[in-house]
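Asker: I have a structure I would like to understand better, so I am pasting it below and will then ask my questions one at a time.
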Amino acid sequence: MTTVDTTANPVVPERDRWPDLAVPRGLRAGVSAMAVDVLVRRLTRRLPLAVRYPDGTVAGSPAGVPCLVLHRPGDFAARVGAAGLIGFGESYMAGDWDAPDLVGVLTVLAAHVDELVPRPLARLRRLYVAGHPAAERNSEDNTRGNIARHYDLSNDFFGLFLDETMTYSAALFTDPADDLATAQRAKIDRLLDRAGVRSGTRLLEIGTGWGELAVRAAARGARVHTVTLSSEQQAAALARVAAAGLAERVRVDLLDYRRVRGTYDAVVSVEMIEAVGYEYLDTYFATIGRVLAPGGRAAIQAITMPHERMLATRHTYTWIQKYIFPGGFLPSVRAIEESVARGTDLRVREEFSMGPQYARTLRAWRERFEDARAEIGALGFDETFVRMWRLYLAYSEAGFRSGYLDVGQFVLARA
């Protein structure tokens with residue numbers, strides 16, 4: 001497994017490129033930092049986690065447990081004290097801390113997420129945790145910009161760590177010997193099978209990605225209309241479709257899902273629901289219900305979280321939303337079922353959970369990402385960006401390894 005060198009000098013972000021990584025100063029920041037230091041030492045007594053300080057002292061028992069290495073304890077505490085979990089992520093980006101086993105540290109924290117903040121403070125969440133910026137609401141005016149900030153980074157960048165299918169969602173490993181591309185195709189084929197896609201099917205895909213699903217559906221003889229809000233992905237998907245000789249069967253539009261018109265025998269959407277937002281969940285399913293022909297089926301793949309955690313955090317602005325997925329939101333299985341029933345005449349007929357498959361997928365991406373660090377730098381991305389993405393991939397893998405996150409395929413149909 002790829003490991004991260006924690007002995008290197010801490011990163012110093014470029015001020016003009018990363019202005020939000022300035023260390024908070026002042027009396028209030030100092031008081032918050034002291035509180036964070038006390039909290040960290042308390043957690044090491046309760047969790048299977050150790051913290052090593054610059055002078056060599058260790059809080060907690062380091063034997064056999066993941067260790068968080070603090071390079072700049074004061075800056076770490078100031079950032080976390082000022083911005084909570086956003087500050088925790090920013091302190092990693094800035095090089096305040098590291099970990100020989102980053103996924104291990106994050107898995108412990110994810111598994112004990114309800115214990116990280118004392119209960120009296122947790123009850124006051126809304127008073128000290130930032131809310132979502134209005135500019136990142138997933139309205140039709142904002143959504144394309146939200147999507148562009150992630151998916152339009154560079155097709156070359158994504159190509160460095162994704163497999164040959166350029167599929168950016170959980171794979172389905174049906175055999176321990178499967179490579180990533182084989183597992184991605186197995187995932188796609190299962191969704192197409194469950195949606196009943198065959199020769200002559202009129203298929204709508206919400207969220208094109210880089211075009212692999214559209215190509216595989218068209219190869220079955222389906223007529224595919226696929227929509228995306230990423231101009232980079234649209235260009236790559238059109239090229240992929242043309243190279244496969246399937247341009248007459250596939251239409252790739254730069255279009256918001258809410259503006260889709262027509263009637264389709266099947267609808268497929270792979271991990272696009274996470275970009276919909278809590279307040280637009282009903283709109284998303286109502287759109288599927290509106291365009292799905294009588295007797296048709298929809299198959300969606302969705303990352304989910306526990307319902308109570310979703311309710312507690314749905315209005316919280318997170319590090320992932322600020323730096324990786326603006327406007328992102330993870331529903332619960334219950335939220336999906338209730339939204340489908342509330343806004344459509346469809347019902348969830350099948351559920352297939354595959355959370356551990358995502359942990360394996362993310363590990364593969366993360367290892368490819370580390371192996372491509374030189375190429376990433378050559379594309380113009382700095383070390384702070386690399387640390388940001390490393391944390392994102394490791395944080396996501398930890399979520400699935402701990403069971404805090406799940407991913408499933410859901411089949412929707414009328415009675």
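The values are calculated or read from the model by the stated rules, or taken from the named source; none is laboratory data. No experiment lies behind these values; they were computed from the predicted model shown. Positions of Cβ are backbone-derived with ideal geometry, glycine not excepted, and every protein chain shown enters the neighbour counts.
Asker: With the structure loaded, tell me whether Val197 is over 24 Å from the mean Cα position of the chain (by Cα) and under 16 Å from Ala242 (Cβ atoms) or whether it fails that test.
Answerer: So Val197 fails the test.
Asker: Quick one: would you say Ala341 is buried (at least 17 other Cβ atoms within 10 Å of the Cβ) and under 20 Å from Ala413 (Cβ atoms)?
Answerer: no
Asker: Something else: Looking at Glu271, Glu248, which one is surrounded by fewer than 19 Cβ atoms within 10 Å (Cβ to Cβ) and free of Cβ contacts under 8 Å to residues at least 40 places away in the same chain?
Answerer: On inspection, the qualifying residue turns out to be Glu248.
Asker: Quick check on Arg46: is it touching a helix residue (DSSP H, G or I) at 6+ places or on another chain (Cβ under 7 Å), of a type outside the set (Gly, Ala, Ser), more than 29 Å from Trp365 (Cβ to Cβ) and at pLDDT 85 or above?
Answerer: yes
Asker: Only residues that are part of a helix (DSSP H, G or I) and of a type in the set (Lys, Arg): list them for the range 137-162, please.
Answerer: Arg144, Arg149, listed by residue number.
Asker: Here's another thing I want to ask about it. Looking at Ala237, Ala244 in this structure, which one is of a type in the set (A, V, I, L, M, F, W, C) and in contact with a Phe, Trp or Tyr (Cβ under 7 Å, 6 or more places away or on another chain)?
Answerer: Being of a type in the set (A, V, I, L, M, F, W, C) and in contact with a Phe, Trp or Tyr (Cβ under 7 Å, 6 or more places away or on another chain) holds for just one of Ala237, Ala244, which is Ala237.
Asker: Can you find a residue that is touching a Leu at 6+ places or on another chain (Cβ under 8 Å), surrounded by fewer than 19 Cβ atoms within 10 Å (Cβ to Cβ) and assigned by TED's automatic domain parsing to the domain that holds Asp96 anywhere in the range 53-61?
Answerer: Scanning the range 53-61 turns up at least one residue that is touching a Leu at 6+ places or on another chain (Cβ under 8 Å), surrounded by fewer than 19 Cβ atoms within 10 Å (Cβ to Cβ) and assigned by TED's automatic domain parsing to the domain that holds Asp96.
Asker: Let me ask something additional. Please state which one of Ala359, Ala374, Ala364 is crowded, with 21+ Cβ neighbours inside 10 Å and in a helix (DSSP H, G or I).
Answerer: Of Ala359, Ala374, Ala364, the one residue that is crowded, with 21+ Cβ neighbours inside 10 Å and in a helix (DSSP H, G or I) is Ala359.
Asker: Of the residues in the range 46-103, how many are among the small types (Gly, Ala, Ser), closer than 30 Å to Gly131 by Cβ and in a strand (DSSP E or B)?
Answerer: Qualifying residue count, the range 46-103: 0.
Asker: Suppose we filter Arg251, Arg190 for residues that are in the same structural domain as Ile147 (by TED's automatic domain parsing), of a type in the set (Lys, Arg) and more than 26 Å from the chain's Cα centre (by Cα); which single one remains?
Answerer: Among Arg251, Arg190, only Arg251 is in the same structural domain as Ile147 (by TED's automatic domain parsing), of a type in the set (Lys, Arg) and more than 26 Å from the chain's Cα centre (by Cα).
Asker: Which residues, counting only those in the range 163-185, are among the β-branched types (Val, Ile, Thr) and assigned to a loop (DSSP other than H, G, I, E, B)?
Answerer: Thr165, Thr167, Thr174
Asker: Go through the range 153-176 and give me each residue that's modelled with pLDDT of 95 or more and of a type in the set (Asp, Glu).
Answerer: Once the filter is applied, which keeps residues that are modelled with pLDDT of 95 or more and of a type in the set (Asp, Glu), the range 153-176 yields Asp156, Asp163, Glu164.
Asker: Taking the range 190-205 as the search range and keeping residues that are touching a Leu at 6+ places or on another chain (Cβ under 9 Å) and not in a loop (DSSP other than H, G, I, E, B), which one is surrounded by the most Cβ atoms within 10 Å (Cβ to Cβ)?
Answerer: Result: Glu205.
Asker: Out of Thr304, Thr263, Thr287, which single residue is farther than 19 Å from Glu338 by Cα and hydroxyl-bearing (Ser, Thr, Tyr)?
Answerer: Thr263
Asker: Looking at the range 395-415, I want the residues that are more than 9 Å from Gly355 (Cα to Cα) and have a partner that is among the charged types (D, E, K, R) and assigned to a helix (DSSP H, G or I) with Cβ atoms under 7 Å, at least 6 apart or on another chain. Which pairs are those?
Answerer: If the second residue must be among the charged types (D, E, K, R) and assigned to a helix (DSSP H, G or I), the pairs left are Glu397/Arg363; Glu397/Arg366; Gln409/Arg190; Gln409/Arg194; Val411/Arg194.
Asker: Within the range 206-294, considering only strands (runs of 3 or more DSSP E) that don't extend past its boundaries, which have at least 1 residues that are over 30 Å from His315 (Cβ atoms) and polar (S, T, N, Q)?
Answerer: Strands (runs of 3 or more DSSP E) meeting the threshold: 223-228.
Asker: Within the range 324-353, which residues are under 13 Å from Val276 (Cβ atoms) and hydroxyl-bearing (Ser, Thr, Tyr)?
Answerer: Ser339 - this is the single residue of the range 324-353 that is under 13 Å from Val276 (Cβ atoms) and hydroxyl-bearing (Ser, Thr, Tyr).
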